[in-house]
1. Being in contact (Cβ under 8 Å) with a residue 40 or more places away in the chain and either more than 16 Å from the ligand (Cβ to nearest atom) or loosely packed, with under 15 Cβ neighbours inside 10 Å (or both) narrows it down to one of 228, 300, 271, so name that one.
2. Could you look through segment 16-55, keep only residues that are over 17 Å from residue 303 (Cα atoms) and part of a helix (DSSP H, G or I), and pick out the one that is farthest from the chain's Cα centre (by Cα)?
3. How many residues does segment 16-30 hold that are out of contact with any strand residue (DSSP E or B) (no Cβ under 7 Å at 6 or more places or on another chain), crowded, with 18+ Cβ neighbours inside 10 Å and at negative phi?
4. Among the strands (runs of 3 or more DSSP E) contained in segment 80-177, which hold 1 or more residues that are more than 15 Å from the ligand (Cβ to nearest atom) and closer than 26 Å to residue 15 by Cα?
5. Hey, any hits in segment 232-247 for a residue that's in contact with a strand residue (DSSP E or B) (Cβ under 9 Å, 6 or more places away or on another chain) and either away from the ligand (no atom under 16 Å from the Cβ) or part of a loop (DSSP other than H, G, I, E, B) (or both)?
6. Those residues that are away from the ligand (no atom under 15 Å from the Cβ), surrounded by 14 or more Cβ atoms within 10 Å (Cβ to Cβ), in contact (Cβ under 8 Å) with a residue 24 or more places away in the chain and assigned to a helix (DSSP H, G or I), I need them from segment 1-15; list them, please.
7. Based on this model, can you work out whether residue 257 counts as away from the ligand (no atom under 13 Å from the Cβ) and within 20 Å of the chain's Cα centre (by Cα)?
8. Is at least one residue of segment 87-104 over 23 Å from residue 217 (Cα atoms) and either crowded, with 18+ Cβ neighbours inside 10 Å or touching a helix residue (DSSP H, G or I) at 6+ places or on another chain (Cβ under 8 Å) (or both)?
Ligand code: 13P
């Protein structure tokens, strides 16, 4: 892909108020989600689950691209059609998670560094030949007493930037995902401070590595208090803090910001994205979109439960959540009518 094609792909990933479906759980993560629901953790069932997702009728109305995993890009529907082809034929751009996971960082208790740079150039070449058009790399930053350290932030930012440069060399649009975890009792102010610092360092490194901002997508966390923080805040406060933080650090050349959900409930993730778009959409240089995994998939996974008989109902739930998030991009998501009223939406 030329630079122009990458720029057009990045724009297409956030066009028409659509967003990305992250269905790139690694086998250990997918197995963990299955185990929590007592679904057997087999390759066959992982394949059946992904078949349920990619054959959902109408998913392309609200989903622009899907992030897959190495196992999944090599899997097929029962009729033999590859998942990559099913998505491409539906007008959904296929992409791939290429990091090798977050590992304990030497000498830095409680912190992680994402691995996967070795051999990445060859893997990206193969993925591009398979028809994949974008990639994803996730860095994980824990917030706590004395962490993140500058060492953790810089090492992860540099890995993200080196990955992004390799992607663009191979003609793939990089999704750059630095995730501040919601675990812990930190306040929203602390999340703001850490998110601002991390994004600042990430963009400094992306610039240093020569990454073309017009041909990438940023996938950040929303600015939220830790799950155990005694002071929780309203949907509008999250919207204000998140946009204020992003405006400070994300260059206007970046076409789109697609949030991760990070363990928020599906309804809360939609409500917060909705509030950002209602309050700020007309004033922002980039699109505010979504790249949710759990906040789109979880209700469908719970209904599907590993059973063929539940496929149709699970697909309806998946379709519904994708639509809710498209509505949120338009500032038209109304929790009370589109979803059951949620006690946890402040
Ligand atoms: P969640 O939306 O479940 O946080 O997942 C997004 C993702 O792709 C994590 O890398």
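1. Of the residues listed, the single one that is in contact (Cβ under 8 Å) with a residue 40 or more places away in the chain and either more than 16 Å from the ligand (Cβ to nearest atom) or loosely packed, with under 15 Cβ neighbours inside 10 Å (or both) is 228.
2. Start the filter on segment 16-55 by keeping residues that are over 17 Å from residue 303 (Cα atoms), which leaves 16-22, 24-29, 42-44.
From what's left, part of a helix (DSSP H, G or I): 16-17, 27-29, 43-44.
On the way: 16: 18, 17: 16, 27: 17, 28: 18, 29: 14, 43: 23, 44: 25 Å.
It comes out as 44.
3. 2
4. Details: elements: 93-97, 102-104, 112-114, 134-141.
Per the criteria, 93-97.
5. So in segment 232-247, the residues in contact with a strand residue (DSSP E or B) (Cβ under 9 Å, 6 or more places away or on another chain) come out as 242-243, 246.
Then keep just the ones that are either away from the ligand (no atom under 16 Å from the Cβ) or part of a loop (DSSP other than H, G, I, E, B) (or both); that gives 243, 246.
Among the residues of segment 232-247, at least one is in contact with a strand residue (DSSP E or B) (Cβ under 9 Å, 6 or more places away or on another chain) and either away from the ligand (no atom under 16 Å from the Cβ) or part of a loop (DSSP other than H, G, I, E, B) (or both), which makes the answer yes.
6. The first filter runs over segment 1-15 and keeps only residues away from the ligand (no atom under 15 Å from the Cβ), leaving 1-12, 14-15.
Now narrow it down to the ones that are surrounded by 14 or more Cβ atoms within 10 Å (Cβ to Cβ): 1, 6-12, 14-15.
Those left that are additionally in contact (Cβ under 8 Å) with a residue 24 or more places away in the chain: 1, 6-7, 9-12, 14-15.
The answer is 6, 7, 9, 10, 11, 12, 15.
7. Working: away from the ligand (no atom under 13 Å from the Cβ): yes; within 20 Å of the chain's Cα centre (by Cα): yes.
For residue 257, the condition - away from the ligand (no atom under 13 Å from the Cβ) and within 20 Å of the chain's Cα centre (by Cα) - is met.
8. No, there is no match, as no residue in segment 87-104 is over 23 Å from residue 217 (Cα atoms) and either crowded, with 18+ Cβ neighbours inside 10 Å or touching a helix residue (DSSP H, G or I) at 6+ places or on another chain (Cβ under 8 Å) (or both).
The values are calculated or read from the model by the stated rules, or taken from the named source; none is laboratory data. If you're wondering where the values come from, they're calculated on a predicted model, not measured in any experiment. All Cβ positions, glycine included, derive from the backbone under ideal geometry; neighbour counts span all protein chains shown.
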